[in-house]
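Worksheet: one structure, shown below.
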Amino acid sequence: MSDALLHKRFPELTDSLPYVRLGTSPTPIRRLDVGTGAPLWCKDDGRYGDGGWGGNKVRKLEWLLPETHRRGARTIFTVGGTGTNWGLATALYGREQGIETVLALVDQPMDDHVRVQLRRLENSGATVHFTHTKRRTLLTAPWLYLRHMRGRKRPYYLPVGGSSPIGALGYVEGALELAEQIAAGAMPEPSHIVTAVGSGGTAAGLALGLRLAGLSTRVVGVVVNDALPLDAPHIVRLAGRAERLLRSRGARFEPTGLRPDDLTITTDWLGPGYGHPTPAAHEAQTLAAQDGLQLETVYTAKALAAALHLDTADFFGAGPVLFLNTYGPR
Ligand SMILES: *Cc1c(COP(=O)(O)O)cnc(C)c1O
């Protein structure tokens, strides 16, 4: 019997939408001491995941790995940057579930963080193809895909970051978990939840899940990737696809009517591009470290920098603000 909150809410999904728990829930929520504006809280999904790597990708895999089996596939084929947390989590948790991972990797700015990540990938059991550029990845992907057929079994292709409608369910579940924590008094209902946006699945899942949970918390997505279209209409479209998926698997609920205006998506903290650190990110990383929170400058430090500035301008009077930590090194 699954203990997913999504199954508790929609028992009619129990058989049609399989789930495997890969971490210990709920993840801790605490008040941060950083910042001078609205009260800032952190939900630490960096702690999520019991299999050698943590963070937001683990929640996506809780739905994606069982779906792989459901489709009769034995291999996942997916893409990422050379520092891919997504590829690493897929390899580690897939292996536990008897699923092989094949990665096509695009170059990203090389630094110590990326070098360490590549070493972890080498030890993860994944098959890695370095395709370097987005163009070469698109050109070689069909050939790589066919090359990894197992007999007549095709690989399950997943988009970058695992941000398919099924992957987004990880944060529908995450939002339901947050709602239970709020109901139990872990924190007051936040006015905003701030998360990094790399491929959009986390922000889309949160937006849908918060609606289903009846919370009016607004998602603030901090775009850290300039290689994908990640504006509010794109995020809401993904949330809409996840909503239709739930319905197509048997869930019965009123349409949420989620609209692009319901989210705030900002590119103000991106800097020169994906993987390029910014002064604001370095500053946020240092502040977080003083509070015992380990961030990196590709995603989470940019998101925290945005959260620290939410008390200014349009957001005057906001609060409490919840920062979602999505980074889970082990
Ligand atoms: C992938 C990732 C994100 C972004 O999540 P998306 O669902 O891809 O938008 C944020 N933080 C970390 C640490 C990640 O690895």
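A few remarks follow.
- Scan of the stretch 240-280 for residues that are within 16 Å of the ligand (Cβ to nearest atom) and either over 24 Å from Tyr171 (Cα atoms) or touching a Phe, Trp or Tyr at 6+ places or on another chain (Cβ under 7 Å) (or both), ordered by number: Gly271, Gly273, His276, Pro277, Thr278
- So Thr286, is it in a helix (DSSP H, G or I), over 20 Å from the mean Cα position of the chain (by Cα), surrounded by fewer than 20 Cβ atoms within 10 Å (Cβ to Cβ) and in the same structural domain as Gly46 (by the TED database): yes
- The stretch 176-210 - residue that is charged (D, E, K, R) and more than 18 Å from the chain's Cα centre (by Cα) and, of those, farthest from Leu6 (Cα to Cα): Glu189
Here is a yes/no grid of residues against (1) of a type in the set (Lys, Arg); (2) touching a residue at least 60 places away in the same chain (Cβ under 8 Å):
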position: Asp15; (1), (2): no, no
position: Pro18; (1), (2): no, no
position: Arg21; (1), (2): yes, no
position: Pro28; (1), (2): no, no
position: Leu32; (1), (2): no, yes
position: Lys43; (1), (2): yes, yes
position: Arg47; (1), (2): yes, yes
position: Asp50; (1), (2): no, no
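- Residues of the stretch 214-231 satisfying the condition of being within 15 Å of Ala168 (Cβ to Cβ) and free of Cβ contacts under 8 Å to residues at least 40 places away in the same chain: Leu230
- Residue check, Gly221 assigned to a helix (DSSP H, G or I) and either surrounded by 17 or more Cβ atoms within 10 Å (Cβ to Cβ) or within 18 Å of the chain's Cα centre (by Cα) (or both): no
- Here Gly185, Gly209 are screened, and the one residue that is more than 20 Å from Ala301 (Cα to Cα), surrounded by fewer than 19 Cβ atoms within 10 Å (Cβ to Cβ) and free of Cβ contacts under 8 Å to residues at least 40 places away in the same chain is Gly185.
- Hey, Ala207 in a helix (DSSP H, G or I) and within 13 Å of the ligand (Cβ to nearest atom) or not: yes
- For the stretch 146-182, filtered to residues that are charged (D, E, K, R) and crowded, with 18+ Cβ neighbours inside 10 Å, the residue that is farthest from the ligand (Cβ to nearest atom) is Glu177.
- Top-ranked residue in the stretch 48-101 [being in a strand (DSSP E or B) and within 25 Å of Glu296 (Cα to Cα); ranked as nearest to the ligand (Cβ to nearest atom)]: Gly55
- Residue pairs meeting the criteria (Cβ under 6 Å; at least 6 apart or on separate chains; first within 30 Å of Arg150 (Cα to Cα), in the stretch 97-118; second surrounded by fewer than 16 Cβ atoms within 10 Å (Cβ to Cβ) and at pLDDT below 95): Val106/Lys134
- Hits in the stretch 132-158 (condition: among the polar types (S, T, N, Q) and in a loop (DSSP other than H, G, I, E, B)): Thr133
- The combined condition, being in a helix (DSSP H, G or I) and in contact with a helix residue (DSSP H, G or I) (Cβ under 9 Å, 6 or more places away or on another chain), is not fulfilled by Thr195.
- Considering residues of the stretch 34-81 that are at pLDDT below 95 and of a type in the set (Val, Ile, Thr) only, the residue farthest from Gln108 (Cα to Cα): Thr36
- Being over 17 Å from Leu65 (Cα atoms) and without any contact (Cβ under 8 Å) to a residue 24 or more places away in the chain is not true of Gly198.
- Any hit, the stretch 10-18, residues being assigned to a helix (DSSP H, G or I), assigned by the TED database to the domain that holds Asp112 and farther than 30 Å from Gln290 by Cβ: no
The values are calculated or read from the model by the stated rules, or taken from the named source; none is laboratory data. Since we're looking at a predicted model, the values are computed, not measured. Don't worry about glycine lacking a Cβ; one is built from the backbone with ideal geometry, like all the others, and counts go over all protein chains shown.
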